[in-house]
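No value in this document is a laboratory result; all are computed from the given coordinates. Keep in mind that what you see is a predicted model, and the values were worked out from it rather than measured. Please note: Cβ atoms are built from the backbone with ideal geometry, for glycine as well, and neighbour counts cover all protein chains shown.
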Amino acid sequence: MYELNQKIKELVPYEPISGTYNIRLDANECPDNLPDNILEQFHQKLDEIAFNRYPNPLALRLVQSFARYYGVKPELVTAGNGSDELIFLIESAFLEKGDKMLVVSPDFSMYQFYSSICEVECETFFKNESLDIDVDALIETINANDIKLVLFSNPCNPTGKGITREQAQRLVSSVSALVILDEAYMDFWTESLLDKIEDYSNLIILRTASKLVGSAALRLGFAVANPVISRAIKAVKSPYNVNSISQAFGEVIYQNREYLQNRQKTIVRNKETLYNGLVDIAKSQTDMTVYSSVANFVFVKTPRAKEIWEYLKTKSIVVRLMGGCLRITAGTADEVGETLAALKEFF
Ligand SMILES: *Cc1c(COP(=O)(O)O)cnc(C)c1O
């Protein structure tokens, strides 16, 4: 009789929150669907697709559009079926059996999850009390433990905090490990290292269209790295990893600079409202911490997290519960208003 091996035996498929809620603030998605004028451009592109043919293996036009938007060279960009695919791919291809990788905590849980599937050793570096990374200590840990790959989100999901460009540069230039900066939320901040990508032999930056761009449904992620690393990523990925529909959409969306910039401003404004409202609420609580955020969500620590989460659900509002913390996505202005009102009611 066939038996599943140890590493997958106990695994269960990923399950997002089920049920329908009027206000979804649990997955850091963009709160609005795409506007009609962009959908129209997309529909036109759809008409050009040869559905009987395999997609372009290097997603050339998509990658050009992305590269132009961010001001990087297209040959340094690899498109993926969401950045999740690229994370798995990079961990599995850039590490060999016996190699060690390092994650930080708290951070996006998928990094460590994939490491167990890849059968590589994964060590954890803990953030300090204020949930910041002590960069010098991180550098020391990487070098002292022969770490081959270090991977973390910047800005961080779930804390909403980030390290500056200067700190990131110091890190990358002080270690020989491969550094992967997951900049999924860097569209909401200004400390990207994208323009420095060619200065380093050991840097990969990940980007996604699932957050600011608002197309989580289409699964579009990107890895940006120097020519040597880029070539390796392209060589190990499955040939047709990004389907033609997603490629067509991505090509269109990154040509709409003004739209994306306006959306960015709105989301950041809503995040500020959410943050300020939460800080106000926290003033009357002795044990509630609201962390400042450079992303599109706010992280809150409170012993009543579970209770609050349950209460919000009764109001048809869903946020993310993470142990004794809540991660609340900045929705639309109305959604933020309703959520803050519900929280005030709760307290
Ligand atoms: C949402 C998110 C992503 C995006 O993943 P996709 O697969 O591109 O949707 C990547 N990294 C982090 C830290 C995220 O929070």
Taking segment 305-342 only, how many residues are without any contact (Cβ under 8 Å) to a residue 12 or more places away in the chain and crowded, with 17+ Cβ neighbours inside 10 Å?
0
Restricting to segment 134-168, what's the tally of residues that are more than 15 Å from the ligand (Cβ to nearest atom) and within 23 Å of L11 (Cβ to Cβ)?
1
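For every residue, the table says whether it meets (1) among the aliphatic types (A, V, I, L, M); (2) within 15 Å of the ligand (Cβ to nearest atom); (3) in contact with a helix residue (DSSP H, G or I) (Cβ under 7 Å, 6 or more places away or on another chain).
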position: G82; (1), (2), (3): no, yes, no
position: I87; (1), (2), (3): yes, yes, yes
position: F94; (1), (2), (3): no, no, no
position: D99; (1), (2), (3): no, no, no
position: V103; (1), (2), (3): yes, yes, yes
position: P106; (1), (2), (3): no, yes, no
position: M110; (1), (2), (3): yes, yes, yes
position: C118; (1), (2), (3): no, no, yes
position: D132; (1), (2), (3): no, no, no
Residue set N33, N22; condition of a type in the set (S, T, N, Q), under 21 Å from G221 (Cβ atoms) and touching a residue at least 60 places away in the same chain (Cβ under 8 Å); output residue N33
For segment 165-202, the count of residues that are part of a loop (DSSP other than H, G, I, E, B) and touching a helix residue (DSSP H, G or I) at 6+ places or on another chain (Cβ under 6 Å) equals 6
Pairs returned, first residue in segment 124-144 that is touching a residue at least 12 places away in the same chain (Cβ under 8 Å), second residue that is surrounded by fewer than 16 Cβ atoms within 10 Å (Cβ to Cβ), beta-carbon separation under 6 angstrom, 6 or more apart or interchain, are T124/S105; F126/S105
Condition first: over 27 Å from G19 (Cα atoms) and assigned to a helix (DSSP H, G or I). Can you find one or more residues in segment 298-319 that meet it?
no
Of everything in segment 143-156 that's among the aliphatic types (A, V, I, L, M) and within 29 Å of N296 (Cβ to Cβ), which residue is surrounded by the fewest Cβ atoms within 10 Å (Cβ to Cβ)?
L149
Of the conditions (1) hydrophobic (A, V, I, L, M, F, W, C); (2) touching a residue at least 40 places away in the same chain (Cβ under 8 Å); (3) within 11 Å of the ligand (Cβ to nearest atom), A232 clears all except one; give me its number.
(3)
Does segment 13-49 hold any residues that are over 27 Å from V300 (Cβ atoms) and among the charged types (D, E, K, R), and which are they?
D36, E40, K45, D47, E48
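Residues of segment 145-164 being among the hydrophobic types (A, V, I, L, M, F, W, C), in contact (Cβ under 8 Å) with a residue 60 or more places away in the chain and part of a loop (DSSP other than H, G, I, E, B), which ones?
Result: C156, single match.
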Under the condition of being within 8 Å of the ligand (Cβ to nearest atom) and over 20 Å from K73 (Cβ atoms), which residue from segment 197-222 is surrounded by the most Cβ atoms within 10 Å (Cβ to Cβ)?
K211
Pair list, Cβ under 9 Å, 6 or more apart: segment 70-83 residue under 13 Å from A209 (Cα atoms), other residue more than 16 Å from the ligand (Cβ to nearest atom) and not charged (D, E, K, R):
A79/L58
